[in-house]
Amino acid sequence: EISIIFSKSGNITFLEVNDNGVGMDQEIIDKFYSKVGSSYYSSRDFLELKSSLKSTFIPTSRFGIGILSCFMISDSIEVETKRIYEAHSSSNPLTISIVGQESIFYIKNGSRKNPGTSTKLLLRQNNPWAHADDVKIINFIKETIPFPPFNIHINSNDSQFTHGIQNPSDIEFDVPNEAHWQEDKKFKH
């Protein structure tokens, strides 16, 4: 599951994304996270972990540029992470501080209890969501990720919403009344 927390305090805006994924340790940070274009999810290490856990997880990350995208709206990143090794074994938690996209990664012992990663951004003053209300934030996430493969819990100032897996038969489409469908065995209204 993923949780997204969007909060404002005066002129300060934070965006935090938490997951309960495989997390990271020092090796993953050195080999993949801190290197542009290097994706852990296409590595032998990940495939071996996936096999040992008998996981059906399909990663959404492919290109190894995720960390760079954070610097489009923020100048600093705080990361809390803990990597899972096998069913009942995990790394020590780590805290990573990054200030500026060409900055040094400051890594120290963290306090995260469970495997996964939390990324917190202090958004720039001119961020695109500086004047957005809760409804706009929630709708943006729903439109950006229309059919999530897992639950996404969204907390925005005074609102909470869970955007989750939908059964295709529950999806309502906005079809104009004058729309006509050609009869065919392969299609149902």
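Structural remarks
- A single entry from I73, I84, I77 fulfils the requirement of being at pLDDT 75 or above, on the phi < 0 side of the Ramachandran plot and over 17 Å from the mean Cα position of the chain (by Cα): I84.
- Output for segment 1-32, where each listed residue is of a type in the set (F, W, Y), open to solvent by less than 50 Å² (accessible area, probe 1.4 Å) and closer than 29 Å to K142 by Cβ: F6
- Once segment 158-188 is narrowed to residues that are open to solvent by less than 100 Å² (accessible area, probe 1.4 Å), farther than 16 Å from D19 by Cβ and assigned to a loop (DSSP other than H, G, I, E, B), the residue that is modelled with the highest pLDDT is D184.
- When segment 128-157 is filtered for residues that are open to solvent by 70 Å² or more (accessible area, probe 1.4 Å) and part of a loop (DSSP other than H, G, I, E, B), the ones remaining, listed by number, are P128, H131, D133, F147, P149, N157.
- If only residues of segment 87-111 that are open to solvent by less than 60 Å² (accessible area, probe 1.4 Å) and not in a strand (DSSP E or B) are counted, the one that is modelled with the lowest pLDDT is S103.
The values are calculated or read from the model by the stated rules, or taken from the named source; none is laboratory data. Since we're looking at a predicted model, the values are computed, not measured. Heads up, the Cβs are rebuilt from the backbone with ideal geometry, glycines too, and the neighbour counts pull from every protein chain shown. Please note that ligands, DNA and RNA were not included when accessible areas were found on the heavy atoms of the full protein model with its side chains. Shrake-Rupley method; radii C 1.70, N 1.55, O 1.52, S 1.80 Å.
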